[in-house]
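In what follows, a single structure is set out as structure tokens and then discussed.
The values are calculated or read from the model by the stated rules, or taken from the named source; none is laboratory data. Everything quoted here is computed from the prediction, not taken from an experiment. Glycine gets a Cβ as well: all are built from the backbone with ideal geometry, and neighbour counts include every protein chain shown. To get the accessible areas, we keep the full protein, side chains included, count just its heavy atoms, and leave off ligands, DNA and RNA. Shrake-Rupley method; radii C 1.70, N 1.55, O 1.52, S 1.80 Å.
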Amino acid sequence: MTLNLHIIICSTRPGRVGLHVAKWFHGVAMQHNKFQVSLIDLAEFNLPVYDEPEHPIHQRYQHEHTKKWAASVNAADAYVFVTPEYNFGPPPSLLNALNYVYKEWNYKPAGIVSYGGISGGLRSALIEKLTLTTLKMMPMVEAVSVQNVSTLIDENKNFAPSDHHINSGTSLLNELHKWAQALKTMRP
């Protein structure tokens, strides 16, 4: 049984470094070789502030952007959110994307690769986990936290990880795989 992992780039702002961190993690996930891996960029979906007339639990989406997003979310068995910290919390683009659909997220595990300044995005990750649980998702304890991320992006825009980033990424993927197998049995 091949499981689908979506690595979601959560920042949509110009000049973001999340793209570089996500590309690195995508490589780690590909080497891990236990998932079919897709890199998903929220910026490409260009979701407006939630604009569906009905509650997402009904899945009667009116807008094409919602239908496209719902199909993408539904296609995954597990997620890794590559997320910055904005004012001690997740970026609005991520919270908006999470709120767009409901059942498509249910009974799936989620990991977090956070980045920022000295906190490494940990405050954002903690708040994000609260939202994930209300979507019936299982956030992993294992995570990757990247402190002072701007100092780890080289002149070619590549993320230069430390050993602890690589080890944390592998631990996160191992746990995600276990949970993705188990939770798949709970979905219709």
| said: Can you pull out every residue in segment 79-95 that is open to solvent by 60 Å² or more (accessible area, probe 1.4 Å) and in a helix (DSSP H, G or I)? | reply: PRO92
| request: May I ask you to say which residue of VAL17, VAL49 is out of contact with any Ser or Thr (no Cβ under 6 Å at 6 or more places or on another chain), farther than 19 Å from LEU176 by Cβ, in contact (Cβ under 8 Å) with a residue 60 or more places away in the chain and not polar (S, T, N, Q)? | output: VAL17
| query | Can you name every residue in segment 55-70 that is surrounded by 13 or more Cβ atoms within 10 Å (Cβ to Cβ), among the polar types (S, T, N, Q) and without any contact (Cβ under 8 Å) to a residue 40 or more places away in the chain? | reply | THR66
| query | Yes or no: VAL73 hydrophobic (A, V, I, L, M, F, W, C), exposed (fewer than 15 other Cβ atoms within 10 Å of the Cβ) and within 20 Å of PRO90 (Cβ to Cβ)? | reply | no
| Among the residues of segment 1-16, which ones are of a type outside the set (D, E, K, R) and either open to solvent by 70 Å² or more (accessible area, probe 1.4 Å) or in a strand (DSSP E or B) (or both)? | MET1, THR2, LEU3, ASN4, LEU5, HIS6, ILE7, ILE8, ILE9, PRO14, GLY15
| field | Of residues in segment 135-154 being of a type outside the set (Gly, Ala, Ser) and under 14 Å from ALA22 (Cα atoms), the one surrounded by the fewest Cβ atoms within 10 Å (Cβ to Cβ) | value | ILE153
| said: Please count how many residues of segment 148-163 are hydrophobic (A, V, I, L, M, F, W, C) and part of a loop (DSSP other than H, G, I, E, B). | reply: 1
| query | Between residues in segment 147-167 that are touching a residue at least 40 places away in the same chain (Cβ under 8 Å) and closer than 15 Å to GLY15 by Cα and residues that are assigned to a loop (DSSP other than H, G, I, E, B) and open to solvent by less than 50 Å² (accessible area, probe 1.4 Å), which pairs lie under 7 Å by C-beta distance while being six or more apart or on different chains? | reply | VAL149/VAL17; VAL149/GLY116; SER150/VAL17; ILE153/VAL17
| task | For residues that are touching a residue at least 24 places away in the same chain (Cβ under 8 Å), farther than 20 Å from SER168 by Cβ and not in a strand (DSSP E or B), tally how many sit in segment 20-45. | result | 3
| message | Can you find, within segment 155-188, the residue that is surrounded by the fewest Cβ atoms within 10 Å (Cβ to Cβ) among those that are at pLDDT 95 or above and among the charged types (D, E, K, R)? | response | ASP163
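Can you find even one residue in segment 109-123 that is in a helix (DSSP H, G or I), of a type in the set (D, E, K, R) and either closer than 26 Å to SER150 by Cβ or free of Cβ contacts under 8 Å to residues at least 60 places away in the same chain (or both)?
Here is the first cut: in segment 109-123, the residues in a helix (DSSP H, G or I) are 122-123.
Retained after the next criterion (residues that are of a type in the set (D, E, K, R)): 123.
Restricting the remaining residues to those that are either closer than 26 Å to SER150 by Cβ or free of Cβ contacts under 8 Å to residues at least 60 places away in the same chain (or both) gives 123.
For segment 109-123, residues in a helix (DSSP H, G or I), of a type in the set (D, E, K, R) and either closer than 26 Å to SER150 by Cβ or free of Cβ contacts under 8 Å to residues at least 60 places away in the same chain (or both): present.
Given the criteria in contact (Cβ under 8 Å) with a residue 60 or more places away in the chain, under 21 Å from SER150 (Cα atoms) and either in contact with a His (Cβ under 7 Å, 6 or more places away or on another chain) or part of a helix (DSSP H, G or I) (or both), does ALA76 qualify? First the steps, then the outcome.
Numbers: in contact (Cβ under 8 Å) with a residue 60 or more places away in the chain: yes; under 21 Å from SER150 (Cα atoms): no; either in contact with a His (Cβ under 7 Å, 6 or more places away or on another chain) or part of a helix (DSSP H, G or I) (or both): yes.
So ALA76 does not fit the description; no.
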